[in-house]
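Below is one structure, written out as structure tokens; comments come after it.
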Amino acid sequence: MKTRILQVLRQNQGEYVSGQELCEWFGVSRTAVWKAIKQLKEAGYEIVAVRNRGYRLAAVPDILSQSEIASQLQTKWLGHDIRYLEEVDSTNAAAKRIAETSNGMDWHGIAIVAGKQTAGRGRRGRTWSSPQGTGLFFSILLKPEIDPNNASMLTLVMGMATVKGIAEITGLHPRIKWPNDVVLNGKKIVGILTEMSAQIDYVNHIVVGTGINVSQTRFPEEIADTATSLKLELQEAGRDMSVSRAQLLGAVLMNFEYYYEIYLKTQDMSGLMEEYGAMLANCGKSVRVLDPLGEYEGTALGINDRGELLVDRGGEISRVSSGEVSVRGIYGYV
Ligand code: BTN
């Protein structure tokens, strides 16, 4: 009930909605509506009530809760089972536990969202700083019928979804640092960690975990020079705007669903690589490829249909695949 009332108030964009209308739409008593409004106010929503006019949503603070998230979701299937946890070790670990312990349950498309992670995981065994209320930390659990060799491209698909979602909600234009990061003004704003359980030709489950820096103003020392947040970048752009994590999540999931369905048709990036290229921060830049078989430099050109980064080494084009190597900018992080 709370979720549905919230949706109606939001759809009316600050206009009054009468209590009577709410009762009729939802087939409940005035007292039930009043109670739901009271709970929403207690949760921090600024709702103005005026006799004979009804209720109006005056301001939405950055609340991350089950009903706030559900009221922002417009996907066809992704995240329809969405689980918000105030605190968890890692949303990736929580998603994995669901896949491994929920026999017979259809968990494809579940999303786990956390207010705080106590053991947020980054790539290559690193940690992901996840203090309460600062970032958007979430994982989606998937069981696609694909060749396990094609799974790593889901990281690229999520990269595109976050770039698009951030642009829609904030008007900022981040770009992708192939393959796992999204950057703004040369600093990292999103990290993606895709983990898979598979047999040689069969995917048991895939977890795509994403951390978006939303309102941090400080970062741990080791990433202070390379990380930024939406809040810092909006301030830098002279924009006084607070970002709703639930709204941002809704936009990212919507875009992921869209791009994922295109990816799934061919199980590769052929339908997405052009748009991906336009989002790529490395494009046309000099990069150093840290290949265990020997480091080299070149100019990043874009990706191919396998999601490999194409690097021009003076006429010879190398294909860099994400598992094996890391790519650095020569003149900085990107
Ligand atoms: C990286 O850049 O190293 C990847 C970071 C991925 C962080 C996210 S936060 C939500 C999800 N849960 C985790 O434990 N990690 C991912």
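Out of all the residues in the stretch 84-108, which are among the charged types (D, E, K, R) and more than 13 Å from the ligand (Cβ to nearest atom)?
Across the stretch 84-108, the qualifying residues are 86, 100, 106.
For residue 133, are the conditions met, namely being away from the ligand (no atom under 12 Å from the Cβ), surrounded by fewer than 23 Cβ atoms within 10 Å (Cβ to Cβ) and either within 14 Å of the chain's Cα centre (by Cα) or within 19 Å of residue 217 (Cα to Cα) (or both)?
So residue 133 fits the description; yes.
Scan the stretch 103-119 and give yes if some residue there is part of a helix (DSSP H, G or I) and under 24 Å from residue 205 (Cα atoms), otherwise no.
For the stretch 103-119, residues part of a helix (DSSP H, G or I) and under 24 Å from residue 205 (Cα atoms): absent.
Could you please find all residues in the stretch 206-227 being within 20 Å of residue 172 (Cβ to Cβ) and of a type in the set (Val, Ile, Thr)?
Hits for the stretch 206-227 are 210, 212, 214, 217, 223, 226.
Regarding residue 289, is this residue over 22 Å from residue 164 (Cα atoms), crowded, with 18+ Cβ neighbours inside 10 Å and in contact with a Gly (Cβ under 6 Å, 6 or more places away or on another chain)?
Considered against the rule, which asks whether it is over 22 Å from residue 164 (Cα atoms), crowded, with 18+ Cβ neighbours inside 10 Å and in contact with a Gly (Cβ under 6 Å, 6 or more places away or on another chain), residue 289 comes out as no.
Would it be correct to say that residue 303 is over 20 Å from residue 184 (Cβ atoms), surrounded by fewer than 17 Cβ atoms within 10 Å (Cβ to Cβ), of a type in the set (A, V, I, L, M, F, W, C) and at pLDDT 95 or above?
Spelling it out, it is not the case that residue 303 is over 20 Å from residue 184 (Cβ atoms), surrounded by fewer than 17 Cβ atoms within 10 Å (Cβ to Cβ), of a type in the set (A, V, I, L, M, F, W, C) and at pLDDT 95 or above.
Out of the residues in the stretch 184-204 meeting the condition of being of a type outside the set (A, V, I, L, M, F, W, C) and within 15 Å of the ligand (Cβ to nearest atom), tell me which one is nearest to residue 102 (Cα to Cα).
Per the criteria, the residue is 195.
Of all residues in the stretch 155-195, how many are in a loop (DSSP other than H, G, I, E, B) and hydrophobic (A, V, I, L, M, F, W, C)?
Total satisfying the criteria: 2.
I need the full set of residues from the stretch 97-120 which are basic (Lys, Arg) and out of contact with any strand residue (DSSP E or B) (no Cβ under 6 Å at 6 or more places or on another chain), in order please.
97, the sole residue that qualifies.
Consider only pairs whose beta carbons are under 6 Å apart and that are at least six residues apart or on different chains; among these, list those whose first residue lies in the stretch 1-23 and is surrounded by 15 or more Cβ atoms within 10 Å (Cβ to Cβ) and whose second residue is polar (S, T, N, Q) and not in a loop (DSSP other than H, G, I, E, B).
As it stands, the answer is 2/39; 2/67; 3/67; 3/71; 6/71; 7/71, since those pairs meet every condition given.
Restricted to the stretch 142-154, and to residues that are of a type in the set (A, V, I, L, M, F, W, C) and in a helix (DSSP H, G or I), which residue is nearest to the ligand (Cβ to nearest atom)?
Within the stretch 142-154, the match that is nearest to the ligand (Cβ to nearest atom) is 154.
Taking the conditions exactly as written (of a type in the set (Phe, Trp, Tyr) and over 30 Å from residue 196 (Cβ atoms)), does residue 84 satisfy them or not?
no
Does residue 139 satisfy being assigned to a loop (DSSP other than H, G, I, E, B) and within 15 Å of the chain's Cα centre (by Cα)?
no
Confirm whether residue 145 is within 13 Å of residue 250 (Cα to Cα) and among the acidic types (Asp, Glu).
No: the conditions fail for residue 145.
List the number of the failed condition for residue 222; all other conditions in (1) of a type outside the set (A, V, I, L, M, F, W, C); (2) within 15 Å of the ligand (Cβ to nearest atom); (3) modelled with pLDDT under 95; (4) within 17 Å of the chain's Cα centre (by Cα) hold.
(4)
Tell me whether the stretch 94-102 contains one or more residues that are out of contact with any Ser or Thr (no Cβ under 9 Å at 6 or more places or on another chain), within 13 Å of residue 207 (Cα to Cα) and touching a residue at least 40 places away in the same chain (Cβ under 8 Å).
Yes: the stretch 94-102 contains one or more residues that are out of contact with any Ser or Thr (no Cβ under 9 Å at 6 or more places or on another chain), within 13 Å of residue 207 (Cα to Cα) and touching a residue at least 40 places away in the same chain (Cβ under 8 Å).
Taking the conditions exactly as written (at pLDDT 95 or above and of a type in the set (S, T, N, Q)), does residue 150 satisfy them or not?
yes
Tell me which residues, restricted to the stretch 55-79, are in contact with a helix residue (DSSP H, G or I) (Cβ under 9 Å, 6 or more places away or on another chain), surrounded by fewer than 20 Cβ atoms within 10 Å (Cβ to Cβ) and not aliphatic (A, V, I, L, M).
Within the stretch 55-79, 56, 62, 65, 66, 74, 75, 76, 77 qualify.
Could you grab me the full set of residues in the stretch 171-221 that are among the aromatic types (Phe, Trp, Tyr) and either under 17 Å from residue 160 (Cα atoms) or surrounded by 15 or more Cβ atoms within 10 Å (Cβ to Cβ) (or both)?
Answer for the stretch 171-221, where residues must be among the aromatic types (Phe, Trp, Tyr) and either under 17 Å from residue 160 (Cα atoms) or surrounded by 15 or more Cβ atoms within 10 Å (Cβ to Cβ) (or both): 178, 219.
Regarding the stretch 110-119, can at least one residue be identified that is touching a residue at least 24 places away in the same chain (Cβ under 8 Å), buried (at least 20 other Cβ atoms within 10 Å of the Cβ), within 16 Å of the ligand (Cβ to nearest atom) and over 30 Å from residue 218 (Cα atoms)?
yes
The values are calculated or read from the model by the stated rules, or taken from the named source; none is laboratory data. Predicted, not measured: the structure shown is a model, and the values here were computed from it. All Cβ positions, glycine included, derive from the backbone under ideal geometry; neighbour counts span all protein chains shown.
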